[in-house]
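A short worksheet on the structure shown next.
The values are calculated or read from the model by the stated rules, or taken from the named source; none is laboratory data. Keep in mind that what you see is a predicted model, and the values were worked out from it rather than measured. Here the Cβ positions follow ideal geometry from the backbone for every residue, glycine too, while neighbour counts run over all protein chains shown. In case anyone asks, the SASA skips ligands and DNA or RNA and just uses the protein heavy atoms, side chains included. Shrake-Rupley method; radii C 1.70, N 1.55, O 1.52, S 1.80 Å.
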Amino acid sequence: MKKGLIFDMDGTLWDSSENVAASWTEKIRELGLERPDITKSDVMGVMGLTMDRIADALFGDLSKEKRMELLDLCCQHENDYLRKHGGVLYPDLEKTFVRLKKKYHLYIVSNCQQGYIEAFLEHYGFGKHFDDIECYGNNLKEKGDNIALLAKRNGLGKAWYVGDIQGDYDATMKAGLDFIHSAYGFGTIKQTVPELQRFSDLPNLMKELDK
């Protein structure tokens, strides 16, 4: 049976919030717009949302057309910025990928824009660890649909999704997979679920969950 681990990005693999905020502010200034700086707190407040909802939250004073246009420009610049500067990785990330790959195929599904996951993989050279990725920006599908889509596309007989917020759990239930909470991340889960205090604990946790 083919088994997989599917990862969320923000709050699970890394924290990019400070550099995302910096990149968006840089783009807004470049465009000559008289708007407040985008702060790390602003970014943290919309982590995990789909891109249209992020535009509503941060640029809600603009028309829908203008807010989506500004969002697209900021996201394009963000991808370039992160490809160059990266973010803050959680400890022992690559060592843990190597351990996990001995038994599991690895994947990423996120609500991010197209190119965001690729920027992460390119900056750190992590592409070799992952079989496939999917995101909202590719097809405008919600996370639950994309988790199910990726699992089916890759012929996974058994898979777990690793994420940090309630929306990740809800999406995983919709997709019909098992969930693992990255409790070191940005959110809490109402339900009782297996949880990680450190990313590097995942191989040992899988020994318990995958018997």
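Could you please find all residues in segment 24-59 being touching a Lys or Arg at 6+ places or on another chain (Cβ under 7 Å) and among the small types (Gly, Ala, Ser)?
Ala55
Only residues that are open to solvent by 10 Å² or more (accessible area, probe 1.4 Å) and either outside any helix (DSSP H, G or I) or touching an Asp or Glu at 6+ places or on another chain (Cβ under 6 Å) (or both): list them for segment 164-176, please.
Ile165, Gly176
Checking the structure you have, find out if any residue of segment 184-195 is in contact with a His (Cβ under 8 Å, 6 or more places away or on another chain), over 21 Å from Val46 (Cα atoms) and among the hydrophobic types (A, V, I, L, M, F, W, C).
yes
Sort out which residues of segment 33-45 are without any contact (Cβ under 8 Å) to a residue 40 or more places away in the chain, within 19 Å of Tyr81 (Cα to Cα) and not acidic (Asp, Glu), and write them in order of number.
Ile38, Thr39, Lys40, Ser41, Val43
Would segment 39-47 turn up any residue that is outside any helix (DSSP H, G or I) and crowded, with 20+ Cβ neighbours inside 10 Å?
yes
For segment 48-62, name all the residues that are in a loop (DSSP other than H, G, I, E, B), surrounded by 13 or more Cβ atoms within 10 Å (Cβ to Cβ) and either in contact with a strand residue (DSSP E or B) (Cβ under 9 Å, 6 or more places away or on another chain) or at pLDDT 90 or above (or both).
Gly48, Phe59, Leu62, listed by residue number.
Which one is nearest to Phe186 (Cα to Cα), of the residues in segment 13-38 that are of a type in the set (D, E, K, R) and surrounded by 18 or more Cβ atoms within 10 Å (Cβ to Cβ)?
Per the criteria, the residue is Asp15.
Keeping to segment 59-110, report how many residues are over 17 Å from Glu30 (Cβ atoms) and touching a residue at least 12 places away in the same chain (Cβ under 8 Å).
Qualifying residue count for the region: 27.
Looking only at residues in segment 181-200 that are closer than 21 Å to Thr50 by Cα and in contact (Cβ under 8 Å) with a residue 40 or more places away in the chain, which one is least open to solvent (accessible area, probe 1.4 Å)?
So the residue we want is Ser182.
Is it the case, given these coordinates, that Asp92 is at positive phi and at pLDDT 95 or above?
Values: at positive phi: yes; at pLDDT 95 or above: yes.
Yes, satisfied.
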